[in-house]
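Okay, so here's the structure we're looking at.
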Amino acid sequence: MGQNTSYFMNPQIADGFGTARPEDELLHREARATESSPALVETVFTGFNVPEADIHCLNYLWMHPNLRLMSGGVWCWQGHKATQLEAEIFEMRDFVPDTAITDDGGDLDDVTMPSGYRHQVLEPLREVRMTYEDAARDNAIDVTLTAVMPPAMLPSNRHFDQIMRTSGTVRLRGEEHVVDGLAVRDRSWGEARTEDPTGLPGIHWLVAAFDNDFAIHVTGLEDPETAEWRDRFAADPAMAQAMNRGWVWRDGRLRTVTSAVIRTEWDRAGRRQAGHEVVVTDDEGQEHRLHGTLRASAPWHTWSNVHMSVGLARWECDGRVGYGDSQVAMWTDFVRAALGGRS
């Protein structure tokens with residue numbers, strides 16, 4: 001536990017930040033030499049939102065280096081969806097050979113999935129472009145992300161997050177929208193992520209971006225002592241205290257989160273989160289109180305035994321309004337007992 005890992009199902013520590021390198025935009029091929037597990041992964045997450053139209057986008061590249069496979073693609077939707085396939089765009093593919101990044105000199109700085117989704121690093125650690133077109137359904141994306149903060153690298157040097165200014169256009173089923181806002185991207189590598197079930201409650205991954213100089217990112221568990229499901233699902237408050245961490249970007253500097261208390265409002269019928277109350281304390285002792293309401297949501301079964309509820313939240317904090325991701329990963333025990341009402 002001396003260094004944070006890139007995987008947020010583990011206890012975390014407030015231990016400053018690592019250092020991002022331009023080559024971290026590329027595939028970390030050396031990881032195969034030290035991690036032989038078939039569960040070794042490397043991920044690339046980029047996205048954007050159009051708050052006034054309740055549009056949210058999550059694009060993903062998910063490498064499985066020891067299996068010589070990759071997964072992922074493009075996903076964009078408007079409002080609340082009951083299933084991932086109701087999204088205006090859902091082109092996520094599994095079991096794709098990784099030849100696009102391992103053969104003919106390819107790499108993660110410019111990769112195109114079989115769906116046509118393309119991820120390009122225009123300038124390492126600063127500028128990324130996402131493009132996609134599906135003429136048959138009149139869908140298209142052309143969005144550039146430009147960094148407004150340095151990468152927030154975990155001390156393990158295996159994961160970073162970064163708030164980006166978004167600009168471009170998205171066309172959903174023939175309707176064109178201008179993209180002009182803030183969104184997060186992240187990178188993870190060098191660790192094995194197994195499909196083992198967990199007895200934990202929902203694991204939250206929350207981002208609130210207010211402007212170029214103020215953003216908050218928190219990961220962890222809902223406070224089990226005040227949760228709506230506290231009488232239906234047993235959880236350890238000490239685990240929430242150990243896992244809840246993140247960062248605050250404010251006044252031109254990154255601060256670590258030393259504690260975070262998360263309370264979630266649930267839409268049990270929809271098996272999703274409806275809102276959040278979050279109290280964050282940073283390493284300067286400053287407290288930030290966030291109130292979030294879901295404007296868009298959709299589920300994604302990233303693994304067959306995981307229910308990932310992904311959404312766009314409208315956040316209020318310190319008199320400001322911002323937007324960003326609300327993602328909650330849930331496994332069988334929690335969904336059945338806490339959301340499904342079964343034990």
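The values are calculated or read from the model by the stated rules, or taken from the named source; none is laboratory data. Bear in mind the structure is a predicted one, so any value in this text is a computation, not a measurement. Glycine gets a Cβ as well: all are built from the backbone with ideal geometry, and neighbour counts include every protein chain shown.
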Of (1) out of contact with any strand residue (DSSP E or B) (no Cβ under 9 Å at 6 or more places or on another chain); (2) in contact (Cβ under 8 Å) with a residue 24 or more places away in the chain, residue 210 fails just (1)
Just checking, does segment 321-328 include any residue being in contact with a helix residue (DSSP H, G or I) (Cβ under 6 Å, 6 or more places away or on another chain) and either within 16 Å of residue 184 (Cβ to Cβ) or not in a helix (DSSP H, G or I) (or both)?
yes
Only residues that are among the hydrophobic types (A, V, I, L, M, F, W, C) and out of contact with any strand residue (DSSP E or B) (no Cβ under 8 Å at 6 or more places or on another chain): list them for segment 268-294, please.
269
If you scan segment 267-292, which residues turn out to be surrounded by 15 or more Cβ atoms within 10 Å (Cβ to Cβ) and either under 24 Å from residue 90 (Cβ atoms) or small (Gly, Ala, Ser) (or both)?
267, 270, 271, 272, 273, 274, 275, 292
For segment 246-291, enumerate the residues that are under 23 Å from residue 230 (Cβ atoms), of a type outside the set (Lys, Arg) and in contact with a Phe, Trp or Tyr (Cβ under 8 Å, 6 or more places away or on another chain).
266, 273, 274, 290, 291
Of 116, 168, the only residue that is in the same structural domain as residue 73 (by TED's automatic domain parsing), in a strand (DSSP E or B) and on the phi > 0 side of the Ramachandran plot is 168
Residues located in segment 245-266, provided they are surrounded by 17 or more Cβ atoms within 10 Å (Cβ to Cβ) and closer than 23 Å to residue 300 by Cα:
262, 264, 266
Looking at segment 332-341, is at least one residue surrounded by fewer than 19 Cβ atoms within 10 Å (Cβ to Cβ), of a type in the set (A, V, I, L, M, F, W, C), touching a residue at least 12 places away in the same chain (Cβ under 8 Å) and in a loop (DSSP other than H, G, I, E, B)?
no
Scan segment 31-47 and tell me whether some residue there is modelled with pLDDT under 95, outside any strand (DSSP E or B), of a type outside the set (Asp, Glu) and under 30 Å from residue 170 (Cβ atoms).
no
Six or more apart or on different chains, Cβ atoms under 9 Å: show the pairs whose first residue is in segment 94-110 and without any contact (Cβ under 8 Å) to a residue 24 or more places away in the chain and in the same structural domain as residue 124 (by TED's automatic domain parsing) and whose second is aliphatic (A, V, I, L, M) and assigned to a helix (DSSP H, G or I).
106/100
State all residues of segment 129-159 that are under 20 Å from residue 70 (Cα atoms) and surrounded by 22 or more Cβ atoms within 10 Å (Cβ to Cβ); if no residue qualifies, say none.
130, 132, 158, 159
Flag for residue 260 being on the phi < 0 side of the Ramachandran plot, touching a residue at least 24 places away in the same chain (Cβ under 8 Å) and either within 17 Å of the chain's Cα centre (by Cα) or not assigned by TED's automatic domain parsing to the domain that holds residue 46 (or both):
yes
Of a type in the set (A, V, I, L, M), touching a strand residue (DSSP E or B) at 6+ places or on another chain (Cβ under 9 Å), part of a loop (DSSP other than H, G, I, E, B) and touching a residue at least 40 places away in the same chain (Cβ under 8 Å): does that describe residue 149?
yes
